[in-house]
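The values are calculated or read from the model by the stated rules, or taken from the named source; none is laboratory data. Keep in mind it's a predicted model, so treat the numbers as computed, not measured. Ideal geometry is used to build each Cβ from the backbone, glycine not excepted, and the neighbour counts take in all protein chains shown.
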Amino acid sequence: MPDVTAPLIDSAAAVEELADLARQRGRLAFDTEFVWERTYFPKLGVVQVALDERNCHLIDATNPDVIAPLGPVLADPEVEVILHDAPQDLTILRRATGAYPRHIFDTRTAAGFGGMSSVLSLVDLLAELQGVTLANEATRTDWLARPLSEIQIAYALDDVRYLPAVRDTILERIQAREREGWLREEMDALEDPDIYRERDPMEQYTRLKGTGRFSGRDLAVLRELTAWRESEARERDRPRSFILPDKLLLALARRKPRNAGELRAVEGLPDRKLKRYREEILAAIQRGLGLDKADCPKPPAIMDRRPLRALLGKAVIFARKKSEGAELDPPFVATRSEVENLVMFGEGADPEQHRLLRGWRRDLLGSELIAFAIRNGARRGSG
């Protein structure tokens, strides 16, 4: 058994012992500390694990071999993995261990089913449920540097120390409200491997904001430029913005320069970037311009909300009251845009495109929201 007083576990054998204990107990709480400022991929420095409040450990994650035994634990459906705001930590752990997570309990999401906000930070959640106040002296620190200070160690341990107890308290609240089925549905969604895979570079253009008035050809050029930037950033392990910022990609997609002279005239393109990436940028633009029109992305349909402005306002109020009546935080159930979009599409809405028509959200709100829209004169749309 690893020495609980050791500040940092740095052997795979000791981590394997912890993994065995986790299998015996059927659960293990996780957190991660990393540095993510000048690289494409986060640099994992420390993994914190806790079996309970008194049995907490820090693992040196700078050596992939040391944390490798955590992979089978993450992928074991018999071991509950407890985290707060799970997706980011699980994405980092998936890349570090190669394991896709199973049997997840996200305390941040679960809080939404327990009569609390689903966007509470761990600090606020602990203060509300445990009466614990966490120190924040090490919120900005280099987790790759060694040795860790006593303040860093205490900070890192506290981030995971209380998670098992918080999980139990929240679950009791959920059981009292008979919402275990809804909780399980939400947690099961976190087991989708697609959440943790690296996204296709050709899909990255959909992340950019500011394309509302783009034509299909504009989007085709943007898609090629963004895919090139994504591959370059990954290969060099540098942030996307270090290669080229979003604002510049949008400008290039709008202007579509076809030669070095036109490229040089694009505002905001530094000379050093022009010199380094000129050929790659022009080639990406030409690929987008060379596509058949049928192969260009289709601009999203923009629906005119003005004729339904009053109805949409009433629908948002209806959704809020329905959520509050179920003792659920309204933004946790549905965002304003989700409510408005469902009402706009009405009976023709596709469940694949509208989260409110799937699972517990459909049962609580989605079906009634469509009925509400029909009663109040919404037209039949198509999703």
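Only one of the listed residues (ALA22, ALA99, ALA29) is buried (at least 18 other Cβ atoms within 10 Å of the Cβ) and touching a Pro at 6+ places or on another chain (Cβ under 6 Å). That residue is ALA29. Annotation: GLU178 fulfils all but one of (1) at negative phi; (2) loosely packed, with under 12 Cβ neighbours inside 10 Å; (3) part of a loop (DSSP other than H, G, I, E, B); the unmet one is (1).
Being surrounded by fewer than 19 Cβ atoms within 10 Å (Cβ to Cβ) and among the hydrophobic types (A, V, I, L, M, F, W, C): is that true of ILE153 here? When the stated conditions are applied, ILE153 passes them. Using the structure shown, decide if GLY348 is outside the structural domain of LEU249 (by TED's automatic domain parsing) and on the phi > 0 side of the Ramachandran plot. Answer is no for this residue. Say we look at region 117-127 and pick out the residues that are over 17 Å from the mean Cα position of the chain (by Cα) and crowded, with 20+ Cβ neighbours inside 10 Å; which of these is nearest to ASP159 (Cα to Cα)? Result: LEU126.
Residue pairs whose Cβ atoms lie under 6 Å apart, sitting 6 or more positions apart in sequence or on different chains, and linking a residue in region 77-103 that is more than 22 Å from ILE170 (Cβ to Cβ) to a partner that is of a type in the set (S, T, N, Q) and buried (at least 18 other Cβ atoms within 10 Å of the Cβ), are ILE92/THR32. Return yes when GLY114 is more than 18 Å from HIS57 (Cβ to Cβ), out of contact with any helix residue (DSSP H, G or I) (no Cβ under 9 Å at 6 or more places or on another chain) and either of a type outside the set (A, V, I, L, M) or buried (at least 19 other Cβ atoms within 10 Å of the Cβ) (or both) and no when it is not. Against the criterion (more than 18 Å from HIS57 (Cβ to Cβ), out of contact with any helix residue (DSSP H, G or I) (no Cβ under 9 Å at 6 or more places or on another chain) and either of a type outside the set (A, V, I, L, M) or buried (at least 19 other Cβ atoms within 10 Å of the Cβ) (or both)), GLY114 does not qualify. Within region 221-239, is even one residue part of a loop (DSSP other than H, G, I, E, B) and either out of contact with any Ser or Thr (no Cβ under 9 Å at 6 or more places or on another chain) or crowded, with 16+ Cβ neighbours inside 10 Å (or both)? Within region 221-239, not a single residue is part of a loop (DSSP other than H, G, I, E, B) and either out of contact with any Ser or Thr (no Cβ under 9 Å at 6 or more places or on another chain) or crowded, with 16+ Cβ neighbours inside 10 Å (or both).
One residue stands out in region 172-188 among those that are aliphatic (A, V, I, L, M) and under 23 Å from the mean Cα position of the chain (by Cα): the one that is nearest to ARG361 (Cα to Cα), namely LEU183. Mind checking which residues of region 43-96 are among the hydroxyl-bearing types (Ser, Thr, Tyr) and touching a helix residue (DSSP H, G or I) at 6+ places or on another chain (Cβ under 9 Å)? Once the filter is applied, which keeps residues that are among the hydroxyl-bearing types (Ser, Thr, Tyr) and touching a helix residue (DSSP H, G or I) at 6+ places or on another chain (Cβ under 9 Å), region 43-96 yields only THR91. One residue stands out among those in region 325-368 that are acidic (Asp, Glu) and part of a helix (DSSP H, G or I): the one that is farthest from LEU311 (Cα to Cα), which is ASP363. Sub-6 Å Cβ pairs linking a first residue in region 248-264 that is in the same structural domain as ILE281 (by TED's automatic domain parsing) to a second residue that is modelled with pLDDT of 95 or more and outside any helix (DSSP H, G or I), at least 6 apart or interchain, are LEU263/PRO257, ordered by first then second residue. Annotation: PRO7 fulfils all but one of (1) farther than 30 Å from ARG238 by Cβ; (2) assigned by TED's automatic domain parsing to the domain that holds SER121; the unmet one is (2).
Do we find a residue being out of contact with any His (no Cβ under 6 Å at 6 or more places or on another chain), among the small types (Gly, Ala, Ser), surrounded by 13 or more Cβ atoms within 10 Å (Cβ to Cβ) and in the same structural domain as PHE345 (by TED's automatic domain parsing) anywhere in region 279-290? Within region 279-290, none of the residues are out of contact with any His (no Cβ under 6 Å at 6 or more places or on another chain), among the small types (Gly, Ala, Ser), surrounded by 13 or more Cβ atoms within 10 Å (Cβ to Cβ) and in the same structural domain as PHE345 (by TED's automatic domain parsing). Restricting region 331-350 to residues that are at pLDDT 90 or above and surrounded by fewer than 18 Cβ atoms within 10 Å (Cβ to Cβ), the residue that is nearest to ARG177 (Cα to Cα) is PRO331. There is no residue in region 146-168 that is in a loop (DSSP other than H, G, I, E, B), acidic (Asp, Glu), under 30 Å from ASN63 (Cα atoms) and in contact (Cβ under 8 Å) with a residue 24 or more places away in the chain.
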